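Novice: Could you have a look at this structure, given as C-alpha cells, before my questions?
Since every read-out is calculated from the coordinates, none of them should be taken as a lab result. Predicted model, so just to flag it, every value in this text is computed and none were measured. Don't worry about glycine lacking a Cβ; one is built from the backbone with ideal geometry, like all the others, and counts go over all protein chains shown.
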Amino acid sequence: MKYFVEEGSVVRKIWGKADTVLFIFAGAAAEFALNKAVDWLYFTGKLPADPLGRLFSTVTYGQRIIFSTNDEAFIAIDQISTIHKHVETERGSQIPDWAYRDVLFMLIDYSIRAYELLECGLTLAEKEEVFIVFYKVGLRMGIEGLPTNYNSWQIMRENHLNQDLQLSDFTRDLFKRYRQHLGVTRYVLLRLVQALMAPEQVKTLLALDEIELLKPLLYLYKLSSYINLQIHIRNALLPVKYRLQIQDMERFYSKKHQPYPEVQNG
C-alpha cells in the first residue's frame, strides 16, 4: 500500500499532534487575513460567517491528505480543486495562481515554524521533506509556477510575503470576527501565539509584538505535556465547537496509526 506521505516521515510527526496543528492554524489565521486575495474567501460568505471553521477545514484537509494512501490523497486534493472551480464559475473569474501558491507556502512555512517552536529544530533534509509533500499537492492541483526545491521555495516565499500581503478592510473585519467567535481572553491568546509564529512582514502589518513573558509561558505549556495537563489546558483555551474538531483530528491520527493485524504463517 503506497501512502502519500511515507510512514516515519517528519511531516506525519508535525501533523500528527493536535498542538502543532493548532499552532499551524493560528499562524495561518493571521496571514489569511492579510492576503490580497482574501476577497475570494469572502465571496461565498463562508469565511466571514465562520472564519475559524473555514481555517480548521483547511488544516483538516491537510491532515487527511498527509495520512492517506496515494489514491485517497488524490481524491481529497481533487475535491479541493473542484470546490475552487465552482467558486470561480460562480464569480466568473479565476483565482490567481499566486493565491494558490500563497496557501501552499503558508502550510509549508507554518508546519516548520510550529514544530520548531513546540518540539525541536528541523534539519535541512526534514524541511525539504515538508516542502516536497506540499509541492506534490500543488502539482496535483495543477498550480503553475511552483518552486521545485526548498531553496527556491525560500526565495519565492520571501517575495510573496513582500508582495501579496496588505492591511485591508477585510483584515480588520476578519480579526473582528475572530474576536467574536473566540471571546476576548482566547482572542488575546491567539494574538500572542501569532506573535510567536508569524514572519516579520505579518507581525509588522498586524502590530504583533512579542512579549518577554511569552517564551517562559510556552516552556510551561510544553512541560505540561509530561504531567498530562496539556490536553486540559488546550481544551480550556478552545471554544467547545473547535475543541471537538481537535479531538476528531486526534482520533483520525490515532486511527491511521493503528497497527495492522499480524499475518499468521501457515
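Novice: Rounded to whole Hz and in sequence order, give me ³J(HN,Hα) for segment 197-207 from the Karplus expression 6.51 cos²θ - 1.76 cosθ + 1.60, θ = phi - 60°, writing x for Gly and Pro.
Specialist: Result, rounded to whole Hz: 8, 6, x, 4, 4, 5, 4, 5, 5, 9, 6.
Novice: So, one more: Label points 7 Å out from Cα along the Cβ direction at Ala125 and Val87: separation in nm?
Specialist: Distance between label points: 3.8 nm.
Novice: From the phi angles alone, apply the Karplus equation (6.51, -1.76, 1.60; θ = phi - 60°) to segment 135-151 and give each ³J(HN,Hα) in whole Hz, x where the residue is Gly or Pro.
Specialist: 3J(HN,Hα) across segment 135-151, in whole Hz: 4, 5, 4, x, 4, 4, 6, x, 6, 7, x, 6, x, 9, 8, 4, 4.
Novice: Counting other Cβ atoms within 10 Å, keep those with at most 13, restrict to DSSP loop, and tell me which GluC sites (Glu not before Pro) in segment 110-218 are left.
Specialist: Within segment 110-218, the qualifying GluC sites (Glu not before Pro) (loop, at most 13 other Cβ atoms within 10 Å) are Glu144, Glu210, Glu212.
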